[in-house]
Amino acid sequence: MHEIDPAFTALPLRVLADAALSRARELGASHADFRLERIRSQSLRLKDGALETSLETDDIGLSVRVVKDGTWGFASGIDLTPEAAAGLAGQAVAVARVAGAINREPVELAPEPAHGEQTWVSSYEIDPFAIPSAEKVELLGEWSRRLLAAGVDHVDASLLQVKENKFFASLEGTVTTQQRVRVHPQLTAVRVAQGAFDTMRTLAPPAGRGWEYLTGTGWDFDAELAEIPSLLAEKLAAPSVEAGSYDVVVDPSNLWLTIHESIGHATELDRALGYEAAYAGTSFATPDKLGRLQYGSPVLNVTGDRTAEHGLATIGFDDEGVATQEWDIVTGGLFTGYQTDRRIAHLTGRERSNGCAFADSPASTPIQRMANVSIRPAPGGPSTEELISRVENGVYIVGDKSWSIDMQRHNFQFTGQRFFRIRGGRLDGQLRDVAYQATTTDFWNSMEAVGGPQTYVLGGAFNCGKGQPGQVAPVSHGCPSALFRGVNILNALKEAGK
Amino acid sequence: MRPQEAVERALDLSTTSDCMVIAEESSSANLRWAGNTLTTNGVGRSRRLTVIAVQDGSVGVVSRAGAGADELPDLVKAAEEQARGAEPAEDAAPLPAGAVAGDWDAEPAVTDISVFSSFAPALGEQFAAAQAAGSRLYGFAEHQLTSAYLGSSTGLRLRHDQPTGRLELNAKNDDSSAWTGAGTRDFTDLDVPGLGAELERRLGWGRRRLDLPAGRYETLLPPSAVSDLMIYLYWTAGARDAHEGRTVFSSHPVGSRLSPLPLRLYSDPHAPGMECAPFVLAHASGRDTSVFDNGLALGATDWISGGEVAALTQTRHSAGLTGRPVTPAVDNLIMEGAPGGATLEEMVARTERGLLLTCLWYIREVDPQSLLLTGLTRDGVYLVENGEITGEVNNFRFNESPVDLLSRVTETGRTERTLPREWSDYFTRAAMPALRVPDYNMSTVSRAS
């Protein structure tokens, strides 16, 4: 395990926390927590092998959250002095007083044991911020030139890297110092031909890994780049899909996003209770359906966790000092669990939060955010090829692209990077203009089979949005390939009236 | 350290051939509520310094929040190291010179929780009224103020204060959900009781419920829905991508007719109530931005004029590639139809049978070639029959291209200030008319209510 960045631990973390928490206690807060965070990020973007964007950001800040007379109060700032930290505590209490006049629901938190002093670092080998930018640009440029040399017209390459340090302390006696690293390399090839154009993006998911991810650990970029030019050329010349009902085999590179939207968000308990009703929306999976709703077919088993190695939502302790866990969300197709934070857990009579509080910056208040929500593979289950062999007339869907789902997580529509026609159990060339549309429970109940562990991939995103003010959170979703029967396939050209 | 001082000291420390420094001081306050009670809230202050070092056309950008005086040498050095290690930038150009803002020395503008001093009690009254009426209020109010200071080694000293406020108000009862929203600069111009009354009126329309199947319907798109579609069109209108054959504007270049109606879509940094930065302020170069353009004056720009594409967003670099004028993006968007446009109520009154939408949600691009977008209707789809609203119908998933849609619009209403429901996290300054579309594609039915 790496050490926590010494530049972070050299900050007066405990002094500032003591100043803030002491002040909050003096002012009568029944709960107070303090966070100091440093988030380093670097964004590199290349166009056709030439550097277009290079932006390095380094954000340090601190915040105090209190419960005063049953109302939240939150204040954030940037000055790292004890006086400023104590001042934030005062501001947070003042905000709680203003807000208390229109608060009708006293805030109480589910209990969590005091964990004392804890340190946690994510699993990675090489800190990406230790690599010179020129070396990163050179690798992305070399990858781009490979694609250009193979006949694509344009290549957009990008690399996002984040190093996140979080220090947390609460009146309850938990003090955590944590560090996470994540990277997201991505290349998109473009072909333009006779007034038409199409794109194909790498399938490599973002990962809770370091620079090693780009040099052969966890993903084979050489293999992926080698196949893109010919696949893109075939895609551009492919026939347009005929809309209708098809059996589909969905690759993990596409299915992770469907899980995210139709299971991950739908099983956030704050949503189900209406706390996101005006923005992200609510959920059809309301508490009365817990233990009753047949969410999917019996082969569907879904877990939530913040513990999976290299998972983007993985961490030791959440932003309310809760030790992270793994739990069931769907068991044999039956809806069995929610994601919670401490307030929501208490509101619904749960003994403990399952650790889903997260704030995306020191200036953001922690809200309930998504865990790594993943589908278990079938032990000894089939390969992707075996799943395809079971389909007489269908489509194999690979890679994510467009996504949209309604505000109760019923009706969704997705596209992808690559669509292959399946005839008689074999792939038979690509298709264009494909989108698949379904209602969540219809879709998951049409799942006939899941692949074995050999098909399992941990997908995910850096930028899941939720909350007001808006926050983004990184999250992973692992899944095997899966076979669905009778899915509605749309033709995008027809939808556009062409 | 004052932001002006940070700019000057960073420029003094610069050893590269050119340098730009952006100092920003931001403050914010927000309230959020659900089920007639407050849920979360907060105030915040932040300070950010961005150093853009340029060495013989190569660029390095490093941006730090909370950077103090003792960190300036390290910050400048880090940006310069990036610049010296980089290849020359494609968009490299001489930096604009000279302009000094008259208010350069002014202190940063600040907001805090007191911005809600009259709004919060009014909101509390709406909670009570909703409770009495058997409905529940949800929503969000946010006010942000950012003061930006741009200085360059060529003598630029420009400053801009940007207030951004928004209110979203959502009312629900057991049968229906209704929404309204507003953009504001300071929360003093909001008619909270009026917004509450409008929501109750809309919940009343939901007393009669009907189910309609998917299909193409004559549809009245209110200004919020129009703004969300037009903002996406605007974001897609980059000249460089179009020049390379990669967007819908590759097949609809400048001069193409998009609509038979005399539509005008434009931006103006001085539009009353929607004022935004009157100069380019780019932290990094990208597809449609160039740090080398920082400080260029922005003016009113027509994107669509008389129904035809008039301009695409251009940096100086892309303007050189395309041979068109330099027309950088501006942070507001306004659409106007023919003079004398009707109110939404008048448009309803002259509708024989159609749908009136409230807003759109979860808009995503399905096909970049046609700019086909998908998304949902949300918080009230109302059936109009013989000039009157006769009930509320189910929600739909739509598949529509804003480009194609403009060719089918048969009526434009009166332009009014509106809040984009989908994109208000990123874009709040919009004024749009309602549009009548005779055949809006409601592709599938959504069970969401």
- Message: Just to be sure before I move on: is A:S481 touching a Leu at 6+ places or on another chain (Cβ under 8 Å), crowded, with 19+ Cβ neighbours inside 10 Å, farther than 30 Å from B:W33 by Cα and away from chain B (no Cβ under 14 Å) in the structure I sent?
- Response: yes
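Could you go through the stretch A:358-376 and let me know if any residue there is without any contact (Cβ under 8 Å) to a residue 40 or more places away in the chain and within 14 Å of chain B (Cβ to nearest Cβ). Write out each step before concluding.
So in the stretch A:358-376, the residues without any contact (Cβ under 8 Å) to a residue 40 or more places away in the chain come out as none.
No: the stretch A:358-376 contains no residue that is without any contact (Cβ under 8 Å) to a residue 40 or more places away in the chain and within 14 Å of chain B (Cβ to nearest Cβ).
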- Query: Where in the stretch A:1-104 are there strands (runs of 3 or more DSSP E), lying wholly inside it, with at least 1 residues that are closer than 14 Å to B:N41 by Cβ?
  - Reply: A:50-68, A:71-77
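For the subset of the stretch A:118-158 comprising residues that are of a type in the set (S, T, Y) and not in a loop (DSSP other than H, G, I, E, B), which member is modelled with the lowest pLDDT? It would help to see each step written out before you state the result.
Restricting attention to the stretch A:118-158, the residues satisfying the condition of being of a type in the set (S, T, Y) are A:119, A:122-124, A:133, A:144, A:158.
Now narrow it down to the ones that are not in a loop (DSSP other than H, G, I, E, B): A:119, A:133, A:144, A:158.
On the way: A:T119: 98, A:S133: 92, A:S144: 98, A:S158: 98.
Looking at residues that are of a type in the set (S, T, Y) and not in a loop (DSSP other than H, G, I, E, B), I get A:S133.
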- Item | Top-ranked residue of the stretch B:404-449 - restricted to ones that are free of Cβ contacts under 8 Å to residues at least 40 places away in the same chain and closer than 26 Å to A:R409 by Cα, ranked as nearest to the other protein chains (Cβ to nearest Cβ) | B:D425
- Of those in the stretch B:106-152 that are part of a strand (DSSP E or B) and among the small types (G, A, S), the residue nearest to the other protein chains (Cβ to nearest Cβ) is B:G139
- So which of A:D328, A:D288, A:D319 is buried (at least 24 other Cβ atoms within 10 Å of the Cβ) and either acidic (D, E) or in a strand (DSSP E or B) (or both)? A:D319
- Message: Here is a check on your reading of the model: is A:T57 free of Cβ contacts under 8 Å to residues at least 40 places away in the same chain and among the polar types (S, T, N, Q)?
- Response: yes
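Where in the stretch B:167-280 are there strands (runs of 3 or more DSSP E), lying wholly inside it, with at least 2 residues that are touching a Lys or Arg at 6+ places or on another chain (Cβ under 8 Å)? Before you say what the answer is, go through the steps one by one.
Values: elements: B:177-184, B:215-221, B:264-267.
Result: B:177-184, B:215-221.
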- Task: Look at A:A20 and say whether it is on the phi < 0 side of the Ramachandran plot, surrounded by fewer than 19 Cβ atoms within 10 Å (Cβ to Cβ) and among the hydrophobic types (A, V, I, L, M, F, W, C).
- Result: no
- Message: Consider the stretch A:198-239. How many of its residues are in contact with a His (Cβ under 9 Å, 6 or more places away or on another chain) and without any contact (Cβ under 8 Å) to a residue 24 or more places away in the chain?
- Response: 1
- Query: List, please: which pairs have Cβ atoms under 6 Å, are six or more places apart or on different chains, and start with a residue in the stretch B:308-319 that is in a strand (DSSP E or B) and end with one that is hydroxyl-bearing (S, T, Y)?
  - Reply: B:V309/B:S256
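Conditions tested, residue by residue: (1) outside the structural domain of A:R201 (by TED's automatic domain parsing); (2) touching an Asp or Glu at 6+ places or on another chain (Cβ under 6 Å); (3) hydroxyl-bearing (S, T, Y); (4) in a strand (DSSP E or B).
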| site | (1), (2), (3), (4) |
| --- | --- |
| A:Q408 | yes, no, no, no |
| A:F419 | yes, no, no, yes |
| A:G429 | yes, no, no, yes |
| A:T441 | yes, no, yes, no |
| A:A449 | yes, no, no, yes |
| A:A461 | yes, no, no, yes |
| A:C464 | yes, no, no, yes |
| A:F484 | yes, no, no, yes |
- Query: Quick one: how many residues across the stretch B:66-110 are of a type in the set (G, A, S) and within 22 Å of A:P132 (Cα to Cα)?
  - Reply: 6
- Query: If only one of B:E80, B:E90 is more than 7 Å from every other protein chain (Cβ to nearest Cβ) and under 23 Å from A:K47 (Cα atoms), which one is it?
  - Reply: B:E80
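A quick yes/no check of all residues on (1) in contact with an Asp or Glu (Cβ under 7 Å, 6 or more places away or on another chain); (2) modelled with pLDDT of 95 or more; (3) within 14 Å of chain A (Cβ to nearest Cβ); (4) part of a strand (DSSP E or B):
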| residue | (1), (2), (3), (4) |
| --- | --- |
| B:P328 | yes, yes, no, no |
| B:A338 | no, no, no, no |
| B:E345 | no, yes, no, no |
| B:L356 | no, yes, no, yes |
| B:I363 | yes, yes, yes, yes |
| B:Y382 | yes, yes, no, yes |
| B:I389 | no, yes, no, yes |
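The values are calculated or read from the model by the stated rules, or taken from the named source; none is laboratory data. These figures come from a predicted structure and were not determined experimentally. For neighbour counting, all protein chains shown are included, and Cβ atoms are generated from backbone atoms with ideal geometry for every residue, glycine included.
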